[in-house]
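Peer 1: One structure coming up, written as structure tokens, with questions to follow.
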Amino acid sequence: MTTQAFLEALNRLLRKLPSTDRKEILSDYEEHIHAAKEHGKTEDAILNGLGDPKNRRQGDYGGILRGTR
């Protein structure tokens, strides 16, 4: 998976969020990935560390999507 594919998948999974919230979350991930690359990590290592976008959604943002946060 590429960074772009990861972000597109996450964007689709977060589609129920307001656009501004979704953009902020995606921007946070882009910044994290960019910073990790600057510290010498490969794209594969970064994305493997992040895992499947479905798991990110549930782990990090599940409460938002269910309206409990």
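The values are calculated or read from the model by the stated rules, or taken from the named source; none is laboratory data. The structure presented is a predicted model; accordingly, all values stated were derived computationally and were not measured. Backbone-built Cβ (ideal geometry, glycine too); neighbour counts: all protein chains shown.
Peer 1: Is it the case, given these coordinates, that ILE46 is β-branched (Val, Ile, Thr), at pLDDT 90 or above and either surrounded by fewer than 16 Cβ atoms within 10 Å (Cβ to Cβ) or out of contact with any Leu (no Cβ under 9 Å at 6 or more places or on another chain) (or both)?
Peer 2: yes
Peer 1: Within the stretch 18-29, how many residues turn out to be within 14 Å of PRO53 (Cβ to Cβ) and either of a type in the set (A, V, I, L, M, F, W, C) or surrounded by fewer than 13 Cβ atoms within 10 Å (Cβ to Cβ) (or both)?
Peer 2: Looking only at that region, the number is 3.
Peer 1: Go through the stretch 1-15 and report how many residues are surrounded by 11 or more Cβ atoms within 10 Å (Cβ to Cβ) and either touching a residue at least 24 places away in the same chain (Cβ under 8 Å) or over 11 Å from the mean Cα position of the chain (by Cα) (or both).
Peer 2: Residues meeting the conditions: 7.
Peer 1: Turning to a different aspect of this structure: Could you please find all residues in the stretch 19-55 being of a type in the set (S, T, N, Q) and under 11 Å from LEU7 (Cα atoms)?
Peer 2: SER27
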